[in-house]
Amino acid sequence: MRLLRPLLRRKPLPLSRLHSTASNTPPTPTPTPTPTPTSNTTHFGFKTVREDEKESLVGQVFGNVASSYDLMNDVMSGGVHRLWKDHFIRTLAPGPTTKLLDVAGGTGDIAFRFLDYISATHPNPSPHVTLLDINPAMLAVGQQRAQQLGHTNIAFTEGNAERLEGIEDASVDAYTIAFGIRNCTHVDRVLREAYRVLKPGGRFMCLEFGSVENPVVARMYDLYSFHLIPTMGGLIANDRESYQYLVESIRKFPPQPVFADMIKEAGFKVVGKGWEDLTFGVAAIHSGFKL
Ligand SMILES: C[S@@+](CC[C@H](N)C(=O)[O-])C[C@H]1O[C@@H](n2cnc3c(N)ncnc32)[C@H](O)[C@@H]1O
């Protein structure tokens, strides 16, 4: 892991030019079942790829979309992602000295809200936030935004959620990961690392897309996401395929009860069922404590 240096933006590459062992890519609203990945393969959206390929494929996606990422979030969600993120930080309710590690922090939405929340609720705060992300292009946009917003106290760090090198055991009060974990190859390793770096009493919080149970809402959501989102990605970000991946990756992520079990398996204690659905389960906040 290394502290971020200013980086040149990479030239976007269409994902169609990337090699993968694709098994199928259904353009239909209802995802077609795909073969269960074997021990050496995993999913990249609805494609099955080698485990060692996924990280660079995901890297291409976020390298391609970084400059339009924030605009696309607003357009795709009609601004609702802002409400989810506000609620996420209110649920965390950080104190004046909370030390946060925001993993897969991207362009900074969680870190900025964390700092804004603390300055609005405490007179003399001294929070500390490290924003870690694997993608230099996303980090570069985050740094630019931090400068514009006057947030000078964020440590932007390039690193992998699966191997938090340089972050000591039991060193942070809170660990957040928003819309990042589904992009990781080994979710279990991410959770183990989160557990390792949290102090006893520390809190793990994850904001991620979920499964919608209501059949009517689920149908509308499928139509919207499989038809409109890739089209908008094509028009606004000039990259339909990256947004096709983003939509597919949501459907491949475990539903809320399964993910909650993974969090418990990593050692976290959860309160109640362990998650809160947002907007019919389109997104969910998962939470666990290291006791
Ligand atoms: C959808 S963005 C979320 C960004 C931000 N947290 C937000 O809520 O807007 C997902 C982020 O996860 C990052 N990411 C993907 N795989 C990662 C990994 N293995 N380790 C760290 N970050 C990763 C991507 O680079 C990208 O910035």
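Just Glu168, Glu55, Glu158 to compare: in a GNM of the chain, with alpha carbon springs under 10 Å, which one fluctuates most?
In this elastic network of the chain, the residue with the biggest mean-square fluctuation among Glu168, Glu55, Glu158 is Glu168.
Just add up the charged neighbours of Asp222: K/R +1, D/E -1, any other residue whose Cβ is under 12 Å from the Cβ of Asp222.
Working: positive: Arg219, Arg251; negative: Glu248.
Charge balance in the 12 Å sphere: +1.
Got a sec to turn the phi values of the range 114-123 into Karplus ³J(HN,Hα) couplings, 6.51 cos²θ - 1.76 cosθ + 1.60 with θ = phi - 60°, whole Hz, x for Gly and Pro?
Computed from phi, the couplings for the range 114-123 are 4, 5, 5, 4, 5, 5, 7, 10, 9, x Hz.
If you average the sequence gap of Cα pairs under 8 Å that are 6 or more apart and divide by the length of the range 47-182, what percent do you get for the contact order?
Values: 176 pairs, mean separation 38.3, N = 136.
The normalised contact order for the range 47-182 reaches 28 percent.
With contacts defined as alpha carbon pairs under 8 Å and 6 or more residues apart, what's the relative contact order of the chain in percent?
Numbers: 523 pairs, mean separation 57.9, N = 291.
It rounds to 20 percent for the chain.
In a shell of Cβ-Cβ distance under 11 Å around Lys269, excluding Lys269 itself, what net charge do Lys and Arg (+1) and Asp and Glu (-1) give?
Values: positive: Arg203, Lys264, Lys290; negative: none.
Cβ neighbours under 11 Å give a net charge of +3.
What is the gain in length, in nm to one decimal, between Arg219 and Ala120 on full extension, counting 0.36 nm per residue of separation less the C-alpha to C-alpha distance?
Values: separation 99, 0.36 × 99 = 35.64 nm, distance 3.99 nm.
Extra length from Arg219 to Ala120 when fully extended: 31.6 nm.
Would you mind pulling out the separation of the Cα centroids of the range 138-211 and the range 222-246, in Å?
Answer, in whole Å: 26.
Longer than 31 Å from Cα to Cα, which of Lys47/Lys199; Lys47/Lys290; Lys85/Lys199; Lys47/Lys99 are they? Say none if no pair is. Each step should come with its number before you reach the end.
Working: Lys47/Lys199 38 Å; Lys47/Lys290 35 Å; Lys85/Lys199 24 Å; Lys47/Lys99 38 Å.
Cα-Cα > 31 Å for Lys47/Lys199; Lys47/Lys290; Lys47/Lys99; rest within.
Each residue of the range 141-146 in turn: what ³J(HN,Hα) in whole Hz from Karplus with 6.51, -1.76, 1.60 and θ = phi - 60°, glycine and Pro shown as x?
Ordered by residue, 3J(HN,Hα) equals 5, x, 5, 4, 5, 4 Hz.
What does the charge count around Gln256 come to, taking other residues whose C-beta lies under 11 Å from its C-beta (Lys +1, Arg +1, Asp -1, Glu -1)?
Details: positive: Lys273; negative: Glu208, Glu213, Asp261, Glu276, Asp277.
Taking every other residue near Gln256 into account, the sum is -4.
Rounded, prolate or oblate: which one fits the range 195-291, using the alpha carbon gyration tensor with axes a ≥ b ≥ c (rounded when a/c is under 1.5, else prolate when a/b beats b/c, else oblate)? Before the final figure, lay out each step's value.
Values: a/c = 3.26, a/b = 1.92, b/c = 1.70.
Prolate, since a/c reaches 1.5 and a/b exceeds b/c.
Can you compute the modelled spin-label distance between Ala155 and Asp74, with each label point 7 Å from Cα toward Cβ, in nm?
If labels sit at Ala155 and Asp74, their model points lie 3.2 nm apart.
Which order do the peptides 133-144, 217-228 take when ranked by the mean count of other beta-carbon atoms within 10 Å per residue, highest first? Don't jump to the answer; show the numbers that get you there.
On the way: 133-144: 22.4, 217-228: 15.7.
The packing order, highest mean first, is 133-144, 217-228.
All of the numbers you see were taken from the coordinates with simple rules; none came from a lab. In this text, all values refer to a predicted model and were calculated from it rather than measured experimentally. Because the Cβ atoms are built from the backbone with ideal geometry, glycine has one as well, and the counts that use them run over all protein chains shown.
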